[in-house]
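**Q** Can you keep this structure in mind? I'll have questions shortly.
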Amino acid sequence: MDASGAYTITEPGIDSAIYLYSGTFEPANPAANCYAASNINPISLSVSLTAGTVYTLVVIEDSFAQDGMAYNLTISGPGNVSLPVNDCPDPLPGGSTVRSVPLGAPAYYAADLATRVNFDLPAGTWWVTQTSGDFTQVWIGCQANRIWIPTTAVGG
């Protein structure tokens, strides 16, 4: 955003949760850099944001069903909110595609069962960057912190 001040993030759904990170989102350590969060639906989260600071907003389906959801975010405040355009420190490789993970999937640090992460990837659509054996690499948060999930968990 181009002006510091009080901003409101809204999401009118019934099963969503939002997490706002100051800086990057680290999937292997989801509590790191967490600045604010809410799962009280419909969500209306008020936060004080600083101009020039990079924030990452993560939306998840916060239900046991994990059957996929659409969401609609609105961010309002005293300034203009901008999304980075080609500012990713580690841009998506050519040939990356958006794929569905219908029921979530166990996450791994590498394409190796011995590197299990302590969370499952929420159901939703994700950028897929490559496949190695029985694993598919998933892009998270426009950064080098990518995770691997079993290829069998990836839908159409």
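The values are calculated or read from the model by the stated rules, or taken from the named source; none is laboratory data. Predicted model only: the values in this text are computed from it and were never measured. So basically every Cβ, Gly included, is an ideal-geometry build from the backbone, and we count neighbours across all protein chains shown. With ligands, DNA and RNA removed, areas are computed over all heavy atoms of the protein, side chains included. Shrake-Rupley method; radii C 1.70, N 1.55, O 1.52, S 1.80 Å.
**Q** On the phi < 0 side of the Ramachandran plot and at pLDDT below 90: does that describe A31?
**A** yes
**Q** Would you call F64 among the aromatic types (F, W, Y) and either within 22 Å of E11 (Cα to Cα) or at pLDDT below 75 (or both)?
**A** Here the answer is yes, as F64 does meet what is asked.
**Q** Name every residue in the range 101-123 that is of a type outside the set (A, V, I, L, M), modelled with pLDDT of 80 or more, assigned to a strand (DSSP E or B) and within 17 Å of the chain's Cα centre (by Cα), in order of residue number.
**A** P106, Y108, D120
Quick grid of which residues meet (1) crowded, with 17+ Cβ neighbours inside 10 Å; (2) over 21 Å from A70 (Cβ atoms); (3) of a type outside the set (V, I, T); (4) touching a helix residue (DSSP H, G or I) at 6+ places or on another chain (Cβ under 6 Å):
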{"site": "A114", "(1), (2), (3), (4)": "no, yes, yes, no"}
{"site": "P122", "(1), (2), (3), (4)": "yes, no, yes, no"}
{"site": "W139", "(1), (2), (3), (4)": "yes, no, yes, no"}
{"site": "R146", "(1), (2), (3), (4)": "yes, yes, yes, no"}
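**Q** I've got another one for you. Can you spot a residue in the range 134-151 that is outside any loop (DSSP other than H, G, I, E, B) and among the small types (G, A, S)?
**A** Checked the range 134-151: no residue is outside any loop (DSSP other than H, G, I, E, B) and among the small types (G, A, S).
**Q** Name the single residue, out of those in the range 28-53 being within 12 Å of S76 (Cα to Cα) and among the hydrophobic types (A, V, I, L, M, F, W, C), that is surrounded by the most Cβ atoms within 10 Å (Cβ to Cβ).
**A** Across the range 28-53, the extreme among qualifying residues is L49.
**Q** Within the range 1-27, restricting attention to residues that are under 21 Å from S63 (Cα atoms) and small (G, A, S), which residue is surrounded by the most Cβ atoms within 10 Å (Cβ to Cβ)?
**A** Once the filter is applied, the top-ranked residue is S16.
**Q** What number of residues within the range 68-83 are at pLDDT 85 or above and open to solvent by 80 Å² or more (accessible area, probe 1.4 Å)?
**A** 1
**Q** Another question, if that's okay. Quick one: P102 ticks every box in (1) in contact (Cβ under 8 Å) with a residue 24 or more places away in the chain; (2) open to solvent by 90 Å² or more (accessible area, probe 1.4 Å) bar one, so which box is it?
**A** (2)
**Q** Could you say whether any residue in the range 88-97 is farther than 28 Å from S63 by Cα, hydroxyl-bearing (S, T, Y) and at pLDDT below 85?
**A** yes
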